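The values are calculated or read from the model by the stated rules, or taken from the named source; none is laboratory data. Here the structure is a predicted model, which means the values were calculated and not measured. Neighbour counts run over all protein chains shown; Cβ positions are idealised from the backbone, glycine included.
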Amino acid sequence: MNKKIIIGLLTCASLAYGCQSPSTQNKPASTLADSSSNQAFDSQIDGKEVKLFQLKNDKLAITLTNYGARLVSLNVPNKDGQMTDVILGYDSANEYKENYNNFYGAIVGRYGNRIGKASFKLNGEVYSLEKNDGENSLHGGTNGVYNKVWDVVSSTETSITLAYTSPDKEAGYPGTVKMEVTYTLDDNGLAIDYQATTDKETVLNLTNHAYFNLNGAGDSSILDHELQIDAKAITEVDDSLIPTGKSLPVAGTAFDFKKPARIGARIEDENAQLKIGKGYDHNFELDKKDGFQKVAQVYTSKTGIAMEVYTTEPGLQFYSGNFMKDTDPKGKAGKVYPFRSAFCLETQHFPDAPNHPNFASTVLKPGEQYSSKTTYKFIVKK
């Protein structure tokens, strides 16, 4: 298997975290040492130092933390030229740690998405995983890479490489897996480049779990957003959101986003799959050839912000925030993140693929290189 993820995001300076004017690109990534927000991230988790980092160039600026290698803020200019932070999150490392199981902005794995009954068979051996989603395993279990402190390998003002080595049998997965994630700013996006190797045959499926609201994090709804996905089918799921192994055509259903449609237009339709997910929480089987291409776009007229999604991956998990609620811990700047106030578009191999031979393989063998590529681009429409 050969996978590589790059997530591209067109942003501007992060107002929430004290971003300053850009300078040369060969300086190391800033840790915002003079910022009160950095003090909230300057801590230790599991005996390792956690920091808040900033990347910036003449167009873009983000903040991220090495706890879970996660994005913390992402500001995008709206149609009025004002900066809008379009991803959800928290103001401190401790809040991320306390609420680790919502995965805000994190790299998730070893296996992004669900594995049914928290087990799979590989080379005749059954591997039991951590159950953190009923009887299933979600995003790698409670010891997923989103819940680990990554090491900073190198950095410039526009790029940072983080590394984590997942030991053999961590969260139940075989093999010692060495992985690196590089965030890099370019003229029109943020690239997240994943590389990984293993010393024993295993499965691997990494992705980024950013929660988006193009009206701005803390806006009450994403149902006004217009979504388009190049997919003719979704992966059917059972009552616990585990794939049955079958594909369901989207034509004529609430899952048909071949042409742009409001997320809220059909979300309450009488549809068995919608009832299971309490809305959209499904893998869209992308209508694409091998290689890197555009697969989806989202737009909201309220801010004029549009987002395009490009990927090499065969699947896209669209989640419409159905398990969010008003009583959840408050997010950045004390904002409430209520029901369906964010969406996720996670590029991926299919959920539960290790238990479905008809799905594209997620097996990684010694001597192979894991890589994948995805890009999220932001455009302003006036």
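The strands (runs of 3 or more DSSP E) found entirely in region 217-266 that carry 1 or more residues being under 13 Å from GLU285 (Cα atoms) and among the charged types (D, E, K, R) are 231-237, 243-249. For region 189-201, taking the residues that are part of a strand (DSSP E or B) and of a type outside the set (Ser, Thr, Tyr), the one that is farthest from VAL309 (Cα to Cα) is identified as ALA196. Within region 48-57, can one find any residue that is surrounded by fewer than 24 Cβ atoms within 10 Å (Cβ to Cβ), touching a helix residue (DSSP H, G or I) at 6+ places or on another chain (Cβ under 9 Å) and not in a strand (DSSP E or B)? Checked region 48-57: at least one residue is surrounded by fewer than 24 Cβ atoms within 10 Å (Cβ to Cβ), touching a helix residue (DSSP H, G or I) at 6+ places or on another chain (Cβ under 9 Å) and not in a strand (DSSP E or B).
Scanning region 283-301 for residues being part of a strand (DSSP E or B) and either in contact with a Ser or Thr (Cβ under 6 Å, 6 or more places away or on another chain) or under 13 Å from LYS232 (Cα atoms) (or both) gives a total of 6. Picking from residues in region 212-264 that are in contact with a Ser or Thr (Cβ under 7 Å, 6 or more places away or on another chain) and hydroxyl-bearing (Ser, Thr, Tyr), the one that is farthest from ALA106 (Cα to Cα) is SER247. Apart from one condition, ARG266 fits all of (1) of a type outside the set (Gly, Ala, Ser); (2) closer than 29 Å to SER361 by Cβ; (3) surrounded by fewer than 20 Cβ atoms within 10 Å (Cβ to Cβ); the exception is (2).
With the condition kept exactly as written, say whether any residue in region 66-73 is part of a helix (DSSP H, G or I) and surrounded by 24 or more Cβ atoms within 10 Å (Cβ to Cβ). No, every residue in region 66-73 fails to be part of a helix (DSSP H, G or I) and surrounded by 24 or more Cβ atoms within 10 Å (Cβ to Cβ).
Among the residues of region 88-97, those that are in contact with a helix residue (DSSP H, G or I) (Cβ under 7 Å, 6 or more places away or on another chain) and not in a helix (DSSP H, G or I) comprise GLY89, TYR90, ASP91, SER92.
Among the residues of region 262-281, is any among the aliphatic types (A, V, I, L, M), in contact with a helix residue (DSSP H, G or I) (Cβ under 8 Å, 6 or more places away or on another chain) and more than 24 Å from ASN215 (Cα to Cα)? Within region 262-281, not a single residue is among the aliphatic types (A, V, I, L, M), in contact with a helix residue (DSSP H, G or I) (Cβ under 8 Å, 6 or more places away or on another chain) and more than 24 Å from ASN215 (Cα to Cα).
One residue stands out in region 306-317 among those that are part of a strand (DSSP E or B) and at pLDDT below 95: the one that is surrounded by the most Cβ atoms within 10 Å (Cβ to Cβ), namely THR311. Are any of the residues in region 330-349 touching a Lys or Arg at 6+ places or on another chain (Cβ under 6 Å), touching a residue at least 40 places away in the same chain (Cβ under 8 Å) and within 24 Å of THR235 (Cα to Cα)? No - not one qualifying residue is present in region 330-349. Within region 231-251, identify whether any single residue is crowded, with 22+ Cβ neighbours inside 10 Å, among the hydroxyl-bearing types (Ser, Thr, Tyr) and closer than 27 Å to ALA191 by Cα, and answer yes or no. No - not one qualifying residue is present in region 231-251.
Please tell me if GLN273 is modelled with pLDDT of 95 or more, in a strand (DSSP E or B) and of a type outside the set (D, E, K, R). Criteria not met by GLN273. Counting the residues of region 331-382 that are assigned to a loop (DSSP other than H, G, I, E, B), at positive phi and either β-branched (Val, Ile, Thr) or surrounded by fewer than 17 Cβ atoms within 10 Å (Cβ to Cβ) (or both) gives 1.
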